[in-house]
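**Q** Just dropping this structure here.
The values are calculated or read from the model by the stated rules, or taken from the named source; none is laboratory data. Predicted model, so just to flag it, every value in this text is computed and none were measured. Glycine gets a Cβ as well: all are built from the backbone with ideal geometry, and neighbour counts include every protein chain shown. For the accessible areas, the whole protein counts, side chains as well, though only heavy atoms, and no ligand, DNA or RNA atoms are used. Shrake-Rupley method; radii C 1.70, N 1.55, O 1.52, S 1.80 Å.
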Amino acid sequence: MSQSDRNGLTYSDAGVDIDAGNLLVEKIKPAVRSTRRPGADGEIGGFGGLFDLKAAGFTDPVLVAANDGVGTKLKIAIDANIHDTVGIDLVAMCVNDLVVQGAEPLFFLDYFATAKLDPDQGAAIVEGIAEGCRQSGCALIGGETAEMPGMYSRGDYDLAGFAVGAAERGKLLPAGDLAEGDVILGLGSSGVHSNGFSLVRKIVELSGLAWEAPAPFAEGVSLGAALLTPTRIYVKPLLKTIRETGAIKALAHITGGGFPENIPRVLPKHLAAEIDLASIKPPAVFSWLSKTGGVARNEMLRTFNCGVGMIVVVAAADAARVADALAAEGETVFTLGRMVAREDGAPGTIYTGELAL
């Protein structure tokens, strides 16, 4: 054996295991294949993922792109050692942003970075990503796994997601005919979704509860598992309702910033959303967070979705049929408010009633 063979460093000595990366790719191939759809073959391994817009049925499409992460909800997944749901959150946060513009999600790519690659943990994460893609009808056509010792603490990882959708030209939302008197429908959330988790973690710390302790607000599950309930994906019910009714004027995904930040993003400057807080039935997790952390109502509304994951704006005459169509697709739908005139400089969201926390 030569001197260089005895003393030479390897990539593995530096903390990066190429074999573990290859093993992960093999483990996730069935999950990736399960996301096949017209336009994508559901195979990975090339230098770039391919998508055929014509095969997907589009004639004159406009592409819409979105990217996002899961935020510090990942810390709960890591600390509770539950990794099979955060991938759903990753997809949800991207594809829900696409559908609010009237776009059908077509394909998704992920970025997974960690200190030390555990192929089983990585496969659980990608299984969740594939589940999110199946729920939203988009293909997982590629991704990147980065083993980065020195950048992350042992056991830590981060996720980022990138989604591309399409809508036929002239079919994008919001429509230009929003008007006073339009009705705002709310779609129920599955819980905290993927925003405000730095505050959630602070409240859990104040409570003194461990992640494996029984959840005070959900029967039969641990606190960690309950807080990791994945973000609801609204894509298929909304796309079906958009196409069948032609009546949806605007949509807003209620993420970080809650009502006051997200609703005005889809409104013209002369209109405000008047929200009846009494119409909302917040999931029990929000009452627990508010009471345990002493979080004031307005802080809850600007940090969390408080039980409303998506808002839908329709003409008053169309409200009942749109609500019925969404309910038929499994959504929890309720009348949340209406569009009113907005004075110069006035906020885009106005509240009436009290939130039942």
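**Q** So what's the net charge close to residue 233: Lys and Arg +1, Asp and Glu -1, counting the other residues with Cβ under 14 Å from its Cβ?
**A** Spelling it out: positives minus negatives among the neighbours equals -3.
**Q** Sticking with this one: Just need the relative contact order of segment 108-196 here, percent rounded to a whole number, with Cα pairs under 8 Å and 6+ apart.
**A** Rounded, it is 42 percent for segment 108-196.
**Q** Per the 1.4 Å probe, what fraction of the accessible area of the chain, in percent, lies on carbon and sulfur atoms?
**A** Working: 8120 of 15980 Å².
The C+S portion of the solvent-accessible surface of the chain is 51 percent.
**Q** Shifting gears a bit: Loop-only trypsin sites (Lys or Arg not before Pro) in segment 49-112, please: DSSP not H, G, I, E or B, and at most 15 other Cβ atoms within 10 Å.
**A** Working: sites: 54, 73, 75; in loops: 54.
Passing both the DSSP loop test and the Cβ count: 54.
**Q** Something else: Sorted from largest to smallest, which semi-axis lengths in Å does the alpha carbon gyration tensor of segment 237-290 give for its equivalent ellipsoid, taking the root of 5 times each eigenvalue?
**A** Working through the eigenvalues yields semi-axes of 24, 17, 11 Å.
**Q** Further question: What number comes out for the charge environment of residue 31, summing +1 per Lys or Arg and -1 per Asp or Glu over other residues with Cβ under 9 Å away?
**A** Overall, the nearby charge balance is +1.
**Q** What is the magnitude of the charge dipole of segment 211-272 about its Cα centre, with +1 placed on the Cβ of each Lys and Arg, -1 on the Cβ of each Asp and Glu, and no other charges, expressed in debye to the nearest 20?
**A** Dipole of segment 211-272, to the nearest 20 debye: 500 debye.
**Q** Using a Gaussian network model on the chain with a 10 Å cutoff between Cα atoms, which of 332, 231, 241 fluctuates the most?
**A** Ranking 332, 231, 241 by mean-square fluctuation puts 332 first.
**Q** Can you give the angle from 0 to 90° between the axis of helix 18-33 and the longest principal axis of the chain, with both taken from C-alpha atoms, to the nearest 10?
**A** In the chain, helix 18-33 runs at an angle near 40 degrees to the longest axis.
**Q** Which value in nm describes the separation of the simple spin-label points at residue 34 and residue 291, placed 7 Å from the Cα toward the beta carbon?
**A** About 3.8 nm, to one decimal.
**Q** Counting only heavy atoms of the protein chains, get the accessible area per residue of the chain (1.4 Å probe) and round it to a whole Å² value.
**A** 45 Å²
**Q** A further question on this structure: Give the distance, in whole Å, between the Cα centre of segment 57-72 and the Cα centre of segment 119-154.
**A** Between the Cα centre of segment 57-72 and that of segment 119-154, the gap is 18 Å.
**Q** If each of residue 321 and residue 261 carries a label point 7 Å out from its Cα toward its Cβ, how far apart are those two points in nm?
**A** 3.7 nm
**Q** For residue 346, put the label point 7 Å out on the Cα→Cβ axis and report which residues of segment 266-280 keep their amide N under 16 Å from it.
**A** Label zone hits: 267-276.
**Q** To continue, here is another question. Which one, 31, 353, 133, is farthest towards the positive end of the dipole of the chain when Lys and Arg carry +1 and Asp and Glu -1 on their Cβ?
**A** The one lying farthest along the dipole's positive direction is 353.
**Q** Which of the trypsin sites (Lys or Arg not before Pro) found in segment 195-259 are loop residues per DSSP with 15 or fewer other Cβ atoms within 10 Å of their Cβ? Intermediate results must be reported in sequence, preceding the final value.
**A** On the way: sites: 201, 202, 232, 240, 243, 249; in loops: 232.
Of the trypsin sites (Lys or Arg not before Pro), not one in the loops of segment 195-259 has a Cβ with at most 15 other Cβ atoms within 10 Å.
**Q** Moving on to the next point. Please state the charge dipole magnitude for the chain, taken about the Cα centre, from unit charges on C-beta atoms (+1 on K and R, -1 on D and E), reported in debye and rounded to the nearest 20. Could you put the intermediate results ahead of the total?
**A** Values: 30 positive and 43 negative charges, 110 e Å.
Roughly 520 debye for the chain.
**Q** So what is the 222 nm mean residue ellipticity for the chain from helices alone, if each DSSP H run of at least 4 adds -39500 (n - 2.57) and you divide by all residues, rounding to the nearest 500 deg cm²/dmol?
**A** Taking each H run of at least 4 residues, the total per residue is -10000 deg cm²/dmol.
**Q** Follow-up question, since we're still on this one. As a test question: what accessible area, to the nearest 10 Å², does residue 60 have when a 1.4 Å probe is rolled over all protein chains in place?
**A** 70 Å²
**Q** Need one number: convex hull volume per residue for segment 70-137, Cα atoms only, in Å³.
**A** It is 84 Å³ per residue.
**Q** Between the DSSP loop rule and a limit of at most 15 other Cβ atoms within 10 Å, which chymotrypsin sites (Phe, Trp or Tyr not before Pro) in segment 22-107 are left?
**A** Sparse-neighbourhood loop chymotrypsin sites (Phe, Trp or Tyr not before Pro): 47.
**Q** Would you calculate the separation in nanometres between label points at residue 179 and residue 329, each defined as 7 Å from the Cα along the Cα-to-beta-carbon direction?
**A** Simple spin-label model gives 2.5 nm for this pair.
**Q** Using all Cα-Cα distances in segment 236-357, what percent lands in each 5 angstrom bin from 0 up to the longest?
**A** 2, 11, 20, 22, 20, 15, 7, 3, 0
**Q** Could you tell me the largest-minus-smallest coordinate of the C-alpha atoms of the chain on each of the three principal axes, in descending order and whole angstroms?
**A** 83, 56, 39 Å, listed from the longest principal axis down.
**Q** A further question on this structure: Using the Cβ atoms and a cut-off under 13 Å, what net charge is assigned to the surroundings of residue 340, where Lys and Arg are +1 and Asp and Glu are -1?
**A** Net charge around residue 340: -3.
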